[in-house]
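Asker: Quick one: this structure, given as structure tokens, is what I'll be asking you about.
All of the numbers you see were taken from the coordinates with simple rules; none came from a lab. Just so you know, these numbers come straight off a predicted model, no measurement behind them. Quick reminder, even Gly has a Cβ in these numbers, built from the backbone with ideal geometry, and neighbours come from all protein chains shown.
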Amino acid sequence: MHQPNKLQNDNFTRYTKENISISHGNFFDFQESNEYDYIYDRAALVALPKEMRINYSNILKQTIKVGGKYLLIVYEYDQSQIQGPPFSVEEKEIKDLYQDQFKIELIESGRPEFNANNRMSTLSTIKGLRENVYILEKI
Ligand SMILES: C[S@@+](CC[C@H](N)C(=O)[O-])C[C@H]1O[C@@H](n2cnc3c(N)ncnc32)[C@H](O)[C@@H]1O
């Protein structure tokens, strides 16, 4: 089996194989601009405390092309029930972070399903928890 190419430069280790490239490092050091067609964010924005989310969103905004799409999955719940993470991120905050550069559409909303694999997670204990799925399109 062929190993991926491994390249260490700037603050990232990059692994490349065929048309897949993985950059491993501290996201807050990421400096590429206008490179990507798509962003998939599951449990990343909601893993950060509020004061870090503006910085995070500013980096993401630079890394996606005009017309690019960003699938964003967040949780919404009464934050007084648990301290987080994951933190509750409401629609108003998503608009505050992204509506200057993105068209925002909520495409799905509901309580996540808990099964044998994840029912022990903290999330399963939260009353009124909703998992909200947004598509953001860069304009
Ligand atoms: C809640 S996990 C979600 C992982 C995965 N996206 C998922 O849905 O299962 C949050 C992830 O963000 C990573 N993370 C946190 N801070 C980071 C940073 N500054 N740079 C890169 N990754 C970070 C953590 O290592 C962790 O893997």
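Asker: Out of all Cα-Cα pairs in the range 9-53, roughly what percent, to the nearest whole number, are more than 17 Å apart?
Answerer: Within the range 9-53, distances greater than 17 Å cover 47 percent of Cα pairs.
Asker: Residue separation times 0.36 nm, minus the C-alpha to C-alpha distance between E137 and E113: what's the value?
Answerer: 5.9 nm
Asker: Quickly rank 31-39, 79-87, 54-62 as a protection proxy: mean count of other C-beta atoms within 10 Å, highest first.
Answerer: In decreasing order of mean packing, 31-39, 79-87, 54-62 become 54-62, 79-87, 31-39.
Asker: Counting other beta carbons within 10 Å of each Cβ, put V74, V46, V66, V133 in order, fewest first. Spell out each step's value before the answer.
Answerer: Working: V74 23, V46 20, V66 9, V133 15.
With the sparsest Cβ surroundings first, the list reads V66, V133, V46, V74.
Asker: Still on this structure, please answer the following. Under the Karplus relation 6.51 cos²θ - 1.76 cosθ + 1.60, θ = phi - 60°, what is the ordered set of whole-Hz ³J(HN,Hα) values for the range 12-19, x standing for Gly and Pro?
Answerer: Per residue, the Karplus-derived 3J(HN,Hα) values read 10, 9, 10, 10, 10, 8, 6, 9 Hz.
Asker: Here's a follow-up. Could you please rank F114, F28, F102, placing first whichever residue has the fewest other Cβ atoms within 10 Å of its Cβ?
Answerer: Sorted ascending by nearby Cβ count, the order is F28, F114, F102.
Asker: Rounded to a whole number of µm²/s, how large is the Stokes-Einstein D of the chain at 37 °C and 0.692 mPa s, given Rh as the Kirkwood radius over C-alpha pairs?
Answerer: Stokes-Einstein gives a translational diffusion coefficient of 197 µm²/s.
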